Structures are given as structure tokens and as C-alpha cells.
Amino acid sequence: MPLGISCCAIEMMAFAGPRFDVSRFGAEVFRFSPRQSDLLIVAGTVTYKMAKVVRKIYDQMPDPKWVISMGVCASSGGMYRSYSVVQGIDQFVPVDVYVAGCPPRPDSVLKALMEIQKKISRGNHPGQVGGKVSPEFDHEKILIE
Amino acid sequence: MKEEVESRLRSSLGDAIVSVDEFNEQVSIEIKRDRITDVCKILKEELGFNYLSDLCGADMLNYDDASARKAYLAIEHEHRPHQVPNEERFLVVYQLTSLKDKSGDSDLGKRLRLKVKVDGDNPVCPSITSVFKSANWYEREAFDMFGIEFEGHPDMRRMYMPEEYEYYPLRKDFPLMGVPGSIPLPRR
């Protein structure tokens, strides 16, 4: 599920496009419905007003699901140290991989995707059971620098 | 430009003008709050300023005119610490542009700035939406950011911040990072 909400979305498109070509690494299709997605890429600045939308989209995705926080704005607020921007989306959605950069290079996003694949192959799915985080939740936070 | 506009305004609405100022070839006219709609109407219909390019609010709390000019012009000025009285705390600034070429006498692209002072305790200003329809969203923005209410506006709601938000973020006494907990986040 691509959630391009600022300029990071341009790099996310490059990551999907022919030059960097995410399909070489076993993930290709961008789904524009949360109901068909298992990975949410939050690419951009999340304002307090937008936070409700991000959370709603995350809630609509079926388990198991993963989240990439792409770029510094989503990860920590970035240069938007301001009253209107959430200082890190991990305040309201669980994040698996943080990607640093403003915006990150598409290679970093590829790396993040591979980290998600590694996490999946370890077998710990962050499934939420009954609205609560399941005990098997893989709490590891990965940072791509 | 300054002389022409000033004489024309003074002849019909002389009592509405507080002061006329020219700085870096930019003409600013301070208008009495209650007369702003009339002035805009005359400027639009008779002087060709038919485009409102911007309207914004400004909070002049602790504003120091002397040192601001000194910093800009890099000239020595006598430093006079100056406190803007609370009755004149807010400004509403109107930027008008002329897109009319008055028969060869080229007024095309001429710009004019109007200023209105607004009370800090009771920030109310007449709306100019009856003259410039484009003022609608500008005035909503100024209301959202400074809490200046525009009387006669058809739809005085917040523009950017959530409807239930209680503060005005661009006021000088508002903290940069906002008021913690004032906008609820979804539960994690």
C-alpha cells in the first residue's frame, strides 16, 4: 500500500519504476486498496490531521501486515519541528523499518523491503489478535541509514 | 502612482485613510477598520485594482518597527523600544494588483498594499468578500491562524486546523511546538 504524502513519493515511484525495479526482489505490485495490501509504505510528512487517515488505512489492511516509515518526516517529523506535524508515526502505528534520508534513495527503500522479507522469513508475524498486539510480535526495529 | 491613488482616495473617502507610506517603491495605505470595504470597492471599480493577490493577518505583539527597519536598511536609527498597544495588536494586510490597462496610461501590474489594525481583545474586521470573492479563503486562513473574525463572511470556519482546535497557531504567544495533547492522535 503506497501512502505517498509528500516528495518521498517521487523516490517511491523510482523504487517501483524500471531503473531500480523492485520486482527484481520479489515484490512488485502496488495495490491501491488497503484490503489487498500487506505492507504500508508511509512516504512523507504526516500531519496531525492526516494521522487519522494513516491509522484508518492501516486498520483496514488484513493481518499479517508490516509498515515501512520512509524518510525522516514520517520517522521523526524531520525538518518539520512544528505544531502541525506528528513527530514520528510510531506514536500511532507500529513501524517495522525506518528509512533515513530526505528523501531516501530508492536503494535504501529496496534495502528496507529486503529487511521486511528477512523479518517475514524469521516467522514472527506482527499479527494483531483481538485488537491487541500478539505475544509473538517481532519487536525488532530496523533502521536503514 | 502614490500621488494618483492618494489624491483619488482622499477626494472621495478622505476620512478613511489613516496614513500613506512608501518604502522601496511599495505604497502602503493604512485604512480605518470600518471603511475597508468602501475603499476596496473604489480601488476595484474606479482605479483598476481588480485583483486581490493576497490577504493575510499579522500579529504585531512585541513588534519593534525601528529595529526592523534598521536591520533591513542597515542604517543607524535611534533605537526606540516600542510596544504596540493591544488595541492595534493585529494587522490585516491586503495586497492588490491592477490587471487593467487604462487606455494606454499603463497601470498594468501596479501593486498597492492596504493595512487595517485590529483589536487584540476583540479581533473583528469587516469582510471584503462582497467586493473580492477570492477573499473568502484568505479570510478563513487569517481566522484560522490568528483568530481574526471577519464580519459578513459567508462561511467563517477554520481553513487548515481541525474544527475543534482551540488555539490560533500563528499568534506570537503560541508555542512553536503547539500545545501538547491539543490534537488527539489515534490510539496505537
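The values are calculated or read from the model by the stated rules, or taken from the named source; none is laboratory data. None of the values given here were measured: they were computed from a predicted structure. Because the Cβ atoms are built from the backbone with ideal geometry, glycine has one as well, and the counts that use them run over all protein chains shown.
Some values worked out for this structure:
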quantity	calculated
Filter result (modelled with pLDDT of 90 or more and more than 29 Å from residue B:162 (Cβ to Cβ)) within region A:73-98	none
Restricting region B:132-188 to residues that are among the aromatic types (Phe, Trp, Tyr) and over 16 Å from residue B:91 (Cβ atoms), the residue that is farthest from the other protein chains (Cβ to nearest Cβ)	B:132
Within region B:138-177, tally of residues that are more than 21 Å from residue B:84 (Cβ to Cβ) and touching a Leu at 6+ places or on another chain (Cβ under 9 Å)	4
Scope region B:127-146; condition assigned to a loop (DSSP other than H, G, I, E, B) and either under 13 Å from the mean Cα position of the chain (by Cα) or crowded, with 18+ Cβ neighbours inside 10 Å (or both); matching residues	B:127, B:128, B:129, B:131, B:132
Number of the condition not met by residue B:77 [criteria: (1) touching a helix residue (DSSP H, G or I) at 6+ places or on another chain (Cβ under 6 Å); (2) at pLDDT 90 or above; (3) exposed (fewer than 15 other Cβ atoms within 10 Å of the Cβ)]	(2)
When residues of region B:18-50 are limited to those that are acidic (Asp, Glu) and touching a residue at least 40 places away in the same chain (Cβ under 8 Å), the one farthest from residue B:110 (Cα to Cα)	B:34
Filtered residues of region B:16-32 (kept if outside any strand (DSSP E or B) and either of a type outside the set (D, E, K, R) or surrounded by 15 or more Cβ atoms within 10 Å (Cβ to Cβ) (or both))	B:16, B:24, B:32
